[in-house]
1. Where residues in segment 74-87 are under 22 Å from R38 (Cα atoms) and loosely packed, with under 11 Cβ neighbours inside 10 Å, which of them is modelled with the lowest pLDDT?
2. Count, please, the residues in segment 48-73 that happen to be touching a helix residue (DSSP H, G or I) at 6+ places or on another chain (Cβ under 7 Å) and surrounded by 10 or more Cβ atoms within 10 Å (Cβ to Cβ).
3. Among K29, K62, which is at pLDDT 85 or above and part of a helix (DSSP H, G or I)?
4. Which is in contact with a Lys or Arg (Cβ under 8 Å, 6 or more places away or on another chain) and β-branched (V, I, T), of I43, I85, I47, I76?
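The values are calculated or read from the model by the stated rules, or taken from the named source; none is laboratory data. All figures in this text were calculated on a predicted structure; none of them were measured in a lab. So basically every Cβ, Gly included, is an ideal-geometry build from the backbone, and we count neighbours across all protein chains shown.
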Amino acid sequence: MNRQVRDAVGHKPRTLCNKARRQFLAVAKKKQPDHLERNLASIDALIGCGASLLAAGRHWYKMLLVVSEVVRQQRISYHSDRRSIPH
């Protein structure tokens, strides 16, 4: 059928897959910082109760620092409509 349409119209009919994917990713990216912030808040609550992050290991401690910095930068870029974050 696609060949019939292409022969009749002269080109392949346009699909909106790329546009739909961009729209989906835009929504998914907006929700991701909310989930990460909630998880970071629960980790902060555990620390407040006396838990130690170093007990999980240095690797996970570094990963937590990286994730918290990425969430901070995403929030800044989302609220300021900028694409770059200074420093």
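1. Ranking the qualifying residues of segment 74-87, first place goes to H79.
2. In the first step, residues of segment 48-73 are kept if they are touching a helix residue (DSSP H, G or I) at 6+ places or on another chain (Cβ under 7 Å); the result is 53-54, 61, 64, 67-68, 71.
Narrowing further to those that are surrounded by 10 or more Cβ atoms within 10 Å (Cβ to Cβ): 53, 61, 64, 67-68, 71.
Of the residues in segment 48-73, 6 are touching a helix residue (DSSP H, G or I) at 6+ places or on another chain (Cβ under 7 Å) and surrounded by 10 or more Cβ atoms within 10 Å (Cβ to Cβ).
3. K62
4. I76
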